[in-house]
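No value in this document is a laboratory result; all are computed from the given coordinates. Predicted model only: the values in this text are computed from it and were never measured. Here the Cβ is made from the backbone with ideal geometry for all residues, glycine too, and neighbour counts use every protein chain on show.
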Amino acid sequence: MIEYENLGHVNRSFFEEYRSAFSEVLESGWYILGKKVKEFEEAFAAYCGAKYCIGVANGLDALILSLRALKLEPASEVLVPSNTYIATILSIIHNGQKPILVEPDIRSYNIDPKKIEEKITDRTRAILVVHLYGKMCDMDPILTLCRKYDLRLVEDCAQAHGATYKDKRAGTFGEFGSFSFYPTKNLGALADAGCVTTNDQERAEAISTLRNYGSKVKYYNEVPGFNSRLDEMQAAFLTVKLKSLDLITEKKRKLAKRYLEGLKEDFVKPVVHPDFYDVYHIFNIRHPERDKVRDYLLKQGIKTEIHYPIPPNKQMAMKEILAGQPTPVAEEIHNTTISLPISYFHEESDIQYIIEKLNAF
């Protein structure tokens, strides 16, 4: 059986360093906001090309705190792609803002810059872009629109660690870049974890304060904050793995290249463009008989996933909140997409077997 993911296999090569990091943190007696968090924050900021990185508890919190730090007036409209994971939508709702869905480009699956302007109203205050599957959005036209309409910009980089657009890395285009280090990510922790990147010192201080009960000095609270702190243990593990992130990315890009070259044209494959360095957190294809393809592959001993089976506006939790916002392009993607195995532990022989079975479908 070719598994879709196996985190034990993914992390095995890091076990020895993880054990050493665990012992160091355990014996230090300091488990919250200590030197390991600071060490990771500095290392990841440098990796992204950002001035600041602030560790938080998870990717959703990274988004919530980023939007909170913008200090938008209540019920402001925030533009967001219609096919994103529900966490992106939740961050807008939990800040008392109104999510306005913008359809994606059917080729890249990212927000379509050509469809943004028609959604802008006098209540629009921000754009929350999502670099889905490990491919960055087409940022130049988005930045142009932000300047034209004086809109704030936040990046959801949960799936795009190390991805670039015109040689500039994810998390450095907007006022904030929000990252998840959920264990399945290319840079995955061993539990929930996240961070926010920014190039502005004042914004960095705002996130640092919000994550720690709204406090800069212990027991003195300046704003209503949260308890959302990256803990020392996960920071230590992430620092270990960060050193190998480029190797992980290159391995996944090599596997993706096999898919791109080997799969026949019956399947809609990810688009490739020289302006984009894709990191393939997810390798998705599309097919009109997606469910049959998935069942067929399982019978061939190949496990797959669907990212994601239901668009946000069709979720029970969102039906009223997102009512009246039709999303035919998103629905087409959600109904036809299937994610193929492309983990760090997979070998080229696994991918070749999958290609052969898919081409025989």
Legend entry - Where chymotrypsin sites (Phe, Trp or Tyr not before Pro) fall in DSSP loop in segment 190-271, at most 14 other Cβ within 10 Å: Tyr219
Legend entry - trypsin sites (Lys or Arg not before Pro) restricted to segment 165-210 and DSSP loop, no more than 14 other C-beta within 10 Å: Lys166
Inset, instruction - Take the Cβ-Cβ distance between Glu16 and Lys303 as r, set R0 to 22 Å, and report the resulting FRET efficiency rounded to the nearest 0.05. - result: 0.20
Inset, instruction - Express in whole angstrom the spacing between the alpha-carbon centres of segment 210-270 and segment 11-67. - result: 10 Å
Legend entry - Stokes-Einstein D for segment 245-359, Kirkwood Rh over Cα pairs, 20 °C, 1.002 mPa s (µm²/s): 139 µm²/s
Inset, instruction - Could you pull out every residue, at least 5 positions away or on a different chain, whose amide H is within less than 5 Å of the one on Val102? Hs are placed 1.01 Å off N in the peptide plane, and Pro or chain starts have none. - result: Val80, Ser82
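Taking segment 200-282, which GluC sites (Glu not before Pro) meet the DSSP loop condition and have no more than 16 other C-beta atoms within 10 Å?
Answer in residue order: Glu222, Glu265.
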Inset, instruction - Would you mind getting me the FRET efficiency between Glu3 and Glu39? Use the beta-carbon distance for r and R0 = 30 Å, nearest 0.05. - result: 0.35
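Report the extension gain between Lys314 and Glu289 in nm, rounded to one decimal, defined as 0.36 nm multiplied by the number of residues separating them, less their alpha carbon distance.
6.9 nm
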Legend entry - Estimated FRET transfer efficiency when R0 is 51 angstrom, pair Asn335-Arg123 (beta carbons, to 0.05): 0.95
Inset, instruction - Could you grab the relative contact order for segment 43-171? Cα pairs under 8 Å, six or more apart, rounded to a whole percent. - result: 23 percent
Inset, instruction - Mind checking which lysines have their Cα closer than 24 Å to the Cα of Lys319? Skip sequence neighbours fewer than 8 apart in that chain. - result: Lys98, Lys115, Lys119
Inset, instruction - Would you list which lysines come within 24 Å of Lys292, measuring only between C-alpha atoms, while excluding same-chain residues fewer than 8 positions from it? - result: Lys264, Lys269, Lys303, Lys314, Lys357
Inset, instruction - Averaging sequence separations of C-alpha pairs under 8 Å and six or more residues apart, then dividing by the length of the chain, give the relative contact order as a whole percent. - result: 23 percent
Inset, instruction - Please list, or write none, the lysines whose alpha carbon is within less than 17 Å of the alpha carbon of Lys166, excluding same-chain residues fewer than 8 places away. - result: Lys135
